[in-house]
Amino acid sequence: MNTKGPRLLGKKMALTNILTAAAALCVASIALIVVQFLALRGALADDLRVQVQIIGNNSSAALMFRDAKAGEETLAGLAVSPSVTAASIFDAAGNTLASYQRNTEPQLAPPSPALVGTGYDYAVDHVDVVEAVHANGQQIGFVRIRATLDQLLSRLAAYAGLTLAVALCSLALAYALVSSMRRAVRRAEAHLHFLAHVDAVTALPNRHEFNERLGFALEKADRAETAVGLLLLDLDNFKVVNDTLGHDAGDALLKLVADRLLQTLRSNDIICRIGGDEFVIIVEPGDDMQELDSVARKILAALASPFAVHGHQLYISASIGVSVYPRDARDARTLTRSADTAMYHAKNRGKNGFEVFQMAMEERAQKRLKIEANLRRALENNELQLHYQPQIDLRSARVVGVEALLRWHCHELGHVSPAEFIPVAEESGIIVALGRWVLQSACRQAAVWRDQGLLDTIEHVAVNMSARQTRDSGLMDDIEAILAETGLPARLLELEITEGVLMENVNANIDLLHRFQGAGIHLSIDDFGTGYSSMSYLKRFPIDQLKIDRSFVHDVPGDGEAIATAIIAMAHSLDLTVVAEGVETAEQLAFLQQAGCDIMQGFYFARPMPVPELTELLRQRRACWHAEALQKA
Amino acid sequence: MRSERARRLGALAALLGALCAPGAAQPVQENDMKAAYVFNFAVFTEWPQEVLAGGAPISLCASAANPLFHALSQLNDKVVNGHRIAVRNTVTPVRGCHVLVLDKNDRERWAQLKRELAGAHVLTVSDDLSISADGAVIGLSVDERRIAFVVDMAAARSARLNLSSKLLRLARSVQ
């Protein structure tokens, strides 16, 4: 769009260069011609002077004897010199003794004393040379010869013509060279421009170009007092395609998505790929919110039908965030961030949808950023703490396990709930360090308790695994190192993995679980009933325990009854123990006890508590839960 | 000296100029023209060094009876190639002469003179056809009111005189 200016400028520059060269060549040519003219004329004058000397020498006797005939014979010799047009012999008094004229040239006049002094005279069209004739020591006359410059000028004209032709040829050659060079430069520039501004995979404008165009659109909107709509589109689960079918397939899919977007959208909407699986659409003008909605819906509808990639039929959805300038942001960066924030909301609300940016999102996003920033320092600042919640065996009424739960008291934000900071930690990757710390702290604490003899009745200390941790290839080594360091028997450690995480990458996880089991570690599926477990997988997973999700527990007695009962029955038939978490009321306890649940955990029994409190509890009760609690039911 | 010479030369040129202008106001004497020719012959003639050393005068001999004598005596003291002309009114002894002007009055003693001239370096100028045809170096004649001359190269060679080719070119004939 802004390449026309430099191109015109380039053309002008090239033309100026050529004109300058032409002017220089012209000046040089003229100088050459002038020099050539002077040289030729000088040579002619020298020739004439030789001739006039010979004539002068030969005509002394003719002058002495006043023999005009002899004089004319002498002069007749000049006929062979083609440039000589006239010649005369004069006596000392200036009378003509003899003369010679070619064709109808006029007879020469006697030379003036000045001409005799200098010996030659240049006129526009001829050269005169004069030689005094001496004899017997006296000056007895003059010879004057006039030569025309016609031949010289015609030779000069031929020379000038040749010079001109050579100059024109060299100019034409130079112009051709310059043009071809300019074409090459322009091609290179265009290619560079293409590389710098176009995404190679989809042939859409890239992030760099997007920034320029967005800036341009915002300026235009400012002038016209209109709005600009920005749609940020992120493909859902694109990573899965890349990981399972390879990057070629991923690229092919991106190209197909780009093509479909181009087909779907109006030609004046600007579509760019700004990286990975992220696309943006600039909609101008963006004043009509309904139109932005309809654009988003159109995109989602267009992406709904499957894509044929390398023989696979791929279903892909997208999450779209919408922001509007100047309503949501005052600059391009913030506008893009707003759309990004809205897009994340769309993703969190279950993907394949779109969200329009609202200020509240920004606030939440800000808080998220703040949490992330503080979380990075939390480990160093010792702001993290583990609380432990007892798990009670219903049959023996004893504490058989404790679940380590992470607590964070930020000195800036105060108490932050795990529900808030764990997703942030997941996304930012801090979870890996955090998870390692939790595992280490829990194992060390368990080892301390064990040394104090407080764990005699306790079967497991449970630690939660995040999705990110399960993908960490060093996880198993870490666990083994920690167990070795603390001396804690592996059987005392229980790892809780949510059903969702487990189902994300079944094959890899089965492998991991087998390695855990092989090491003697107890395994438990957390939040069971919320994911999409396949019964066959359940059989294949080497697990020991299921934890009914607290949402089902919350709904008993009542709606949750059927599910809770079913899970318990199924777990028992698979030889798994069942834990109900989030037990808060006596009614819940009664129902679950009735249904055959093995172990319970919840506020009804005990809140998660800090180490000294739990230590005290373990010591007092000798790990035996007093009967009252159970009897209450 | 120089200006005087220029003046004299000017006079000679005027004389010759008049010769070339048939319609000139003053008719010029044929004898004066012939005398001028004699002077010019001397200009285009080279004598051996031993008979005419540098700066030595040129002796111009003619008998006082010669009709040209008066005109020739006007040449006295004129300078030819650096040699002053000394006019002598006798033709003997011929060996003392550089230029010897003869006319028909000298026919009788020409045979005698010719013998004396053998081996002498004398430029003989004859105004008589028979002498001209009989061994004079240069013979003058008048042809259609114009003065012409012929050159006898054999005589010039035997007198060991070197006549300029410029002069020879003007001669009506060279033998």
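The values are calculated or read from the model by the stated rules, or taken from the named source; none is laboratory data. Keep in mind that this is a model prediction, so the values were computed, not measured. Every residue, glycine as well, gets a Cβ built from its backbone with ideal geometry; the counts of neighbours run over all protein chains shown. For the accessible areas, the whole protein counts, side chains as well, though only heavy atoms, and no ligand, DNA or RNA atoms are used. Shrake-Rupley method; radii C 1.70, N 1.55, O 1.52, S 1.80 Å.
For all pairs of alpha-carbon atoms in the range B:106-159, what percent lies in each bin of width 5 Å, listed from the first bin to the last filled one?
Going out from 0 Å in 5 Å bins, the range B:106-159 shows 5, 22, 30, 24, 12, 5, 3, 0 percent.
Go through A:Lys239/A:Lys539; A:Lys255/A:Lys351; B:Lys34/B:Lys78; B:Lys34/B:Lys104; A:Lys347/A:Lys370 and tell me which ones have a Cα-Cα distance over 19 Å in this structure.
With Cα atoms farther than 19 Å apart: A:Lys239/A:Lys539; A:Lys255/A:Lys351; A:Lys347/A:Lys370.
Work out, in µm²/s and without decimals, the Stokes-Einstein translational diffusion coefficient of the range A:207-357 at 25 °C, 0.890 mPa s, Rh from Kirkwood over C-alpha pairs.
159 µm²/s
Quick check: convex hull over the Cα atoms of the range A:369-626, volume per residue in Å³, rounded to an integer?
128 Å³
Please report the antiparallel percentage of DSSP beta bridges with both residues in the range B:30-174, rounded to the nearest 5.
Details: 10 of 25 bridges.
Looking only at bridges with both residues in the range B:30-174, the antiparallel portion is about 40 percent.
Kindly compute the accessible surface that chains B and A hide from a 1.4 Å probe when together, both sides summed, and give it to the nearest 100 Å².
Numbers: alone 9460 and 31730 Å², together 39560 Å².
Looking at B and A, the buried total is near 1600 Å².
Along the range A:576-590, what does the Karplus equation 6.51 cos²θ - 1.76 cosθ + 1.60 (θ = phi - 60°) give for ³J(HN,Hα), rounded to whole Hz, x for Gly and Pro?
10, 7, 10, 10, 9, 10, x, 6, 10, 10, 5, 5, 4, 4, 4
So for chain A: antiparallel DSSP bridges make up what percent, rounded to the nearest 5?
Details: 65 of 92 bridges.
Roughly 70 percent of the DSSP beta bridges within chain A come out antiparallel.
Just to compare against my own numbers: the Cα pair-distance distribution for the range A:326-395, 10 Å bins, whole % per bin, please.
Histogram of Cα-Cα distances, whole percents per bin: 17, 31, 21, 19, 9, 2, 0.
DSSP loop trypsin sites (Lys or Arg not before Pro) in the range A:215-275 with at most 13 other Cβ atoms within 10 Å of their Cβ, which ones?
When the trypsin sites (Lys or Arg not before Pro) of the range A:215-275 are filtered for loop state and at most 13 Cβ neighbours within 10 Å, A:Arg266 remain.
By average Cβ neighbour count within 10 Å, what is the ranking of B:167-173, A:25-31 from highest down?
Ranked by mean Cβ neighbours within 10 Å, highest first: B:167-173, A:25-31.
Could the peptides A:228-234, B:131-137 be put in order, highest first, of the mean number of other beta-carbon atoms found within 10 Å of their residues?
Result, highest mean Cβ count within 10 Å first: A:228-234, B:131-137.
Using a 1.4 angstrom probe on the protein heavy atoms only, could you order A:Tyr175, A:Tyr122 from most to least accessible area?
Descending order: A:Tyr175, A:Tyr122.
With θ set to phi - 60° and the Karplus curve 6.51 cos²θ - 1.76 cosθ + 1.60, what are the ³J(HN,Hα) couplings of the range B:37-51 in order, to the nearest whole Hz, using x for Gly and Pro?
4, 4, 4, 5, 4, 4, 4, 9, 10, 10, 9, x, 4, 5, 9
For peptide A:134-140, what's the mean number of Cβ atoms from other chains within 10 Å of each residue's Cβ? Walk me through the intermediate numbers first.
On the way: counts 0, 7, 12, 8, 9, 2, 5.
Partner-chain Cβ atoms within 10 Å, mean over residues of A:134-140: 6.
So what's the range A:25-154 giving for Rg/Rh, alpha carbon basis, Kirkwood Rh from the mean inverse pair distance?
Details: Rg = 15.7 Å, Rh = 15.1 Å.
We get a ratio of 1.04 for the range A:25-154.
Which values, in whole Å and largest first, are the semi-axes of the equivalent ellipsoid of the range A:340-475 obtained as the square root of 5 times each eigenvalue of the Cα gyration tensor?
Semi-axes, largest first: 34, 17, 14 Å.
When the helix-only estimate is applied to chain A (DSSP H runs of n ≥ 4, each -39,500 (n - 2.57), divided by the residue count), what is the mean residue ellipticity at 222 nm, nearest 500 deg cm²/dmol? Write out the running numbers ahead of the final one.
Details: 23 runs with 341 residues, N = 633.
Dividing the helical sum by the residues of chain A leaves -17500 deg cm²/dmol.
What are the extents of the Cα atoms of the range B:30-174 along their three principal axes, in Å, largest first?
For the range B:30-174, the Cα extents along the three principal axes come out at 39, 32, 30 Å.
Starting from the Cα coordinates of the protein assembly as shown, work out the convex hull volume and express it per residue in Å³.
Convex hull of Cα atoms, per residue: 359 Å³.
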